[in-house]
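The values are calculated or read from the model by the stated rules, or taken from the named source; none is laboratory data. What you are looking at is a predicted structure, and each value in this text was computed from that prediction instead of being measured. Cβ coordinates were reconstructed from backbone atoms using ideal geometry, including for glycine residues, and neighbour counts include every protein chain displayed.
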């Protein structure tokens, strides 16, 4: 029997509503849900490949690693009891802070992050990390100082006269509501301007009115040059700065000293084009700007985030239609002024913890040490840090060196191959789920979804071994 079921895509922060066609328990087709209040039928190619992400090579039984590094199937009661005992043993001997958590729902299973809280509290765990710790903490740190609390902003490209993308290619990566129709609308309107800052001639850059093809790693020089033009040609919103900001004159004085032509040339961008771009931003009625991983995982990433935000702050493009705005769910009243510089530090290396997240690249240093405070166990949920974090060989060495670890996932990932136990999880379409990014402005939405397809049935144990017995750990 064929039927369509409403649900949501979880492959980027837009969380568009989709409908999936299910045949014999499997998702076979995907289309945009026209009834969804946010996406209104829009669905990019990522959403349309959700059936692929369900995966054919699914884990179904719990797996326990043998002494020789292969895995054997165990029943759920045994797996849960032994995992609980293993984690409790590490906690009792070394303290809950010696167990770290990596994941938190991720893009696959959003509710997993919420469910983990009770387990982490019961074990006394203190340290957690996820992909945001290598992508967004620099921007979070800047936002914390900019707004007085750990806020975050959303662009309003739908109504913006000028749209600026820094290190982002939304034509392919999407990541903004109705990405392709929005880009087409801006590019086709002679009264609006599309600006792209990117070393590559991306699909979005090809559509742009202005493409600043910056030299890789020199985004800070280019952004500073644009700011210098704004300041030196007095294209600032002085009313906004006087009424809504503090210490603006100090920033303006520092930028005033920059030679925009020199900085533009260092960035390999025509100084005249830099001036043209800055003037367009400085004279527009509304400007929305969005930065992404292209500068957040590049040299001077935190500085890049600060300079990008100064572009809209000095020109007053904040908290208005077509400008940069705070997300509704990130701006509760009464939090302004509560931001404090984090005093928490990582064990062993003493690095700063930002936004409550352990710096992901520092995980091996916190494991491969003789320090008595080192990490000795791990819970990894819906994530694959050995594959996705820097220096995979050393990350693999660190996970293999742990006294105990458990991976909760739908597939036998690189990280799972180092785990003491692997617990198969249902995918986001096999259980009740919800989306919680809802970062759009001014309209926002969240989807609560019923299970769309049944979980794969468990395989019968092989008399020889198991389907995963040929997979060895890194020990």
When residues of the range 393-428 are filtered for being in contact with a strand residue (DSSP E or B) (Cβ under 6 Å, 6 or more places away or on another chain) and within 25 Å of residue 11 (Cα to Cα), how many remain?
8
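Tell me which residues, restricted to the range 282-295, are in contact with a helix residue (DSSP H, G or I) (Cβ under 7 Å, 6 or more places away or on another chain), farther than 13 Å from residue 223 by Cβ and surrounded by 19 or more Cβ atoms within 10 Å (Cβ to Cβ).
Selection gives 282, 287.
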Residue 25: passes all of (1) on the phi > 0 side of the Ramachandran plot; (2) without any contact (Cβ under 8 Å) to a residue 12 or more places away in the chain but (2)
Out of curiosity, is residue 271 over 32 Å from the mean Cα position of the chain (by Cα), crowded, with 21+ Cβ neighbours inside 10 Å and in contact (Cβ under 8 Å) with a residue 24 or more places away in the chain?
no
Subset of the range 12-31, residues surrounded by fewer than 19 Cβ atoms within 10 Å (Cβ to Cβ), farther than 14 Å from residue 452 by Cβ and touching a helix residue (DSSP H, G or I) at 6+ places or on another chain (Cβ under 8 Å), comes to 12
Among helices (runs of 4 or more DSSP H) entirely within the range 336-449, at least 3 residues that are without any contact (Cβ under 8 Å) to a residue 40 or more places away in the chain occur in 363-367, 392-401
Out of the residues in the range 410-420 that are touching a helix residue (DSSP H, G or I) at 6+ places or on another chain (Cβ under 6 Å) and buried (at least 24 other Cβ atoms within 10 Å of the Cβ), state the one that is farthest from residue 431 (Cα to Cα).
418
Quick one: in the range 238-261, of everything that is more than 29 Å from residue 319 (Cβ to Cβ) and in contact with a helix residue (DSSP H, G or I) (Cβ under 8 Å, 6 or more places away or on another chain), which residue is surrounded by the fewest Cβ atoms within 10 Å (Cβ to Cβ)?
259
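Which fully enclosed helices (runs of 4 or more DSSP H) of the range 190-274 have 3 or more residues being touching a strand residue (DSSP E or B) at 6+ places or on another chain (Cβ under 7 Å)?
By residue number, 203-207.
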For residue 197, which of the numbered conditions (1) surrounded by fewer than 19 Cβ atoms within 10 Å (Cβ to Cβ); (2) in contact (Cβ under 8 Å) with a residue 24 or more places away in the chain; (3) under 27 Å from residue 278 (Cβ atoms) fails to hold?
(1)
With the condition kept exactly as written, say whether any residue in the range 67-86 is touching a helix residue (DSSP H, G or I) at 6+ places or on another chain (Cβ under 7 Å), touching a residue at least 60 places away in the same chain (Cβ under 8 Å) and buried (at least 19 other Cβ atoms within 10 Å of the Cβ).
no
Checking 11, 57 in turn, the sole residue that is modelled with pLDDT under 85 and over 25 Å from the mean Cα position of the chain (by Cα) turns out to be 57
Considering only the range 74-86, I want to know if a residue exists there that is closer than 21 Å to residue 410 by Cβ and at pLDDT below 95.
no
If a residue counts only when it is over 24 Å from residue 443 (Cβ atoms), in the same structural domain as residue 398 (by TED's automatic domain parsing) and in contact (Cβ under 8 Å) with a residue 24 or more places away in the chain, which strands (runs of 3 or more DSSP E) contained entirely in the range 90-162 have at least 1 such residues?
99-102, 127-129
Please work out if residue 41 is outside the structural domain of residue 363 (by TED's automatic domain parsing) and at positive phi.
yes
